[in-house]
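J.: Dropping the structure in here first, questions after.
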C-alpha cells in the first residue's frame, strides 16, 4: 500500500472524532465504576451514618444521580459534537474531500479490503450509537427504554475497533508504511529509522 499523505481537514476530523470517542468512553467508564449511582449512594449513606441525618435508599439514589448529572451532561454534549462531526464526515466526500474507500474492489489486497470493511462497520455502528442517543434525548418517551438498550449494546464495537485500529497502525508503522503516525499527526513524513 502506498504511503499516503493526510490533508489538514483529514487530520482534524480524525483527531476530533478520536477525542470525542475517548471522552465518551471515559464518561461511560466513570458512570459504571466510581460514579455508579449505587456506589455514590453508599458513600453518601456512609457519611450520613456519622451524623444525625438519614435518607431512604430511593432518596440516596436520587441524590447520587444529581451528583453525577453534570458529568453525564458532558457525555450528551460530546455526543452532539460527535453527531456534527459524523454528519460533516458523511458530506465531505461530496466535495471531493475524504472519500470513502470501496471494500468491494477486487483489485485490492485482502488486507486493504479488511481495513475498508472495518471502517465501514465502524461508521455503521457509530451511526447506530448516535441515532439511538439522539432518540433517547429527543424521541418519544415510549421508545426510551428500547433505545437505551440498543445504545448500550452499540457501544461495544468501540473498544475492539480501538484495539484493531491501534494494532493496525503500529503494524503499518513498523512494516510497510513507516511514518504513518507522524503523517497523521503533523501531515509530514518524518521517518528516522
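J.: Rounded to the nearest whole Å³, what is the per residue volume of the convex hull around the Cα atoms of segment 8-186?
T.: Cα convex hull per residue, to the nearest whole number: 156 Å³.
J.: Right, another one. Relative to the present Cα-Cα distance, how much length would full extension add between residue 101 and residue 170 at 0.36 nm per residue of separation?
T.: 22.7 nm
J.: Taking the Cα centroid of segment 66-143 and of segment 9-62, what is the distance between the two, rounded to the nearest whole Å?
T.: 24
J.: Mind checking the angle between helix 158-174 and the chain's longest principal axis? C-alpha axes, 0 to 90 degrees, to the nearest 10.
T.: 30
J.: Measure nothing but the geometry: give the 0 to 90° angle between the long axis through the Cα atoms of 37-48 and the longest principal axis through the Cα atoms of the chain, rounded to 10°.
T.: The two axes meet at around 40 degrees.
J.: Moving on to the next point. Counting only helical runs of four or more DSSP H residues, what would the 222 nm mean residue ellipticity of the chain come to if each run contributes -39,500 (n - 2.57) and the total is spread over all its residues?
T.: Using -39500 (n - 2.57) per qualifying helix, the result is -24000 deg cm²/dmol.
J.: Separate question: Describe numerically, in nm with one decimal, the distance between label points set 7 Å from Cα along Cα→Cβ at residue 186 and at residue 141.
T.: So the two model labels end up 5.6 nm from each other.
J.: Here's a follow-up. Helix 110-138 versus the longest principal axis of the chain: what angle, 0 to 90°, nearest 10, using Cα atoms?
T.: For 110-138 against the chain, the angle is about 30 degrees.
J.: Also: So for segment 8-186, averaging the separation of alpha carbon pairs under 8 Å that are six or more residues apart and normalising by length, what relative contact order in percent results?
T.: Once normalised by length, the contact order is 17 percent.
J.: Residue 134 to residue 30: FRET efficiency via 1/(1 + (r/R0)^6), r the Cβ-Cβ distance, R0 22 Å, to the nearest 0.05?
T.: 0.50
Readers should treat all values here as calculations from the given coordinates under stated rules, not as data from a laboratory. This one's a predicted model, so the numbers in the text were calculated from it and none came from an experiment. Methodologically, a virtual Cβ is constructed for each residue, glycine included, from the backbone with ideal geometry; neighbour enumeration extends over all protein chains shown.
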